[in-house]
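Here is the structure we will look at.
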Amino acid sequence: MTTRTRRMLLRCSMMALLALAACKGAPVPADKSAYVGNWKGVGIDLTVTADGGLSYKKVSGGGTKSLNAPIKEWTGNDFSAGFGPLTTTFKVDKVPWQEGGQWKMVVDGNELVKLPGVPAEGRGGSR
């Protein structure tokens, strides 16, 4: 094997390791544990897992948007999810609160209701 081939293999290996590291979400911080769960709104499904995974689907007249990715960052009450430079930020207009026995939260101007039960670990793109 030539020196040039070894260098190329080393570069490819490093890039693969960096890409793999970028795919793992950090666990949801303890102060954000109320975010964990399956949430539903008009045309919106959002799942946040304790291990930092996110699954999002929004259906509207303009089509469907979906994302299955790790949560990369928490900024105040907001959170960002994605891979590498491809990131989507979810603006939390109203943090989770309980009303009439139901958990609710407002994300990107949409009121969501938490469905009963807690999602399984590992769902939502954090593999």
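Quick notes on this one:
- The residues of segment 48-66 that are under 8 Å from the mean Cα position of the chain (by Cα) and among the aliphatic types (A, V, I, L, M), listed by number, are V48, L54.
- Residue match in segment 81-89 (condition: touching a helix residue (DSSP H, G or I) at 6+ places or on another chain (Cβ under 7 Å), surrounded by 14 or more Cβ atoms within 10 Å (Cβ to Cβ) and more than 15 Å from P116 (Cα to Cα)): yes
- Scanning segment 49-81 for residues that are part of a loop (DSSP other than H, G, I, E, B), hydrophobic (A, V, I, L, M, F, W, C) and over 17 Å from V36 (Cβ atoms) returns no hits.
- Residue, surrounded by the fewest Cβ atoms within 10 Å (Cβ to Cβ), within segment 90-116, restricted to residues that are free of Cβ contacts under 8 Å to residues at least 12 places away in the same chain, under 21 Å from D31 (Cα atoms) and not hydrophobic (A, V, I, L, M, F, W, C): G101
No lab work stands behind these numbers, since they all come straight from the coordinates. All values derive from a computational prediction rather than experimental measurement. Here the Cβ is made from the backbone with ideal geometry for all residues, glycine too, and neighbour counts use every protein chain on show.
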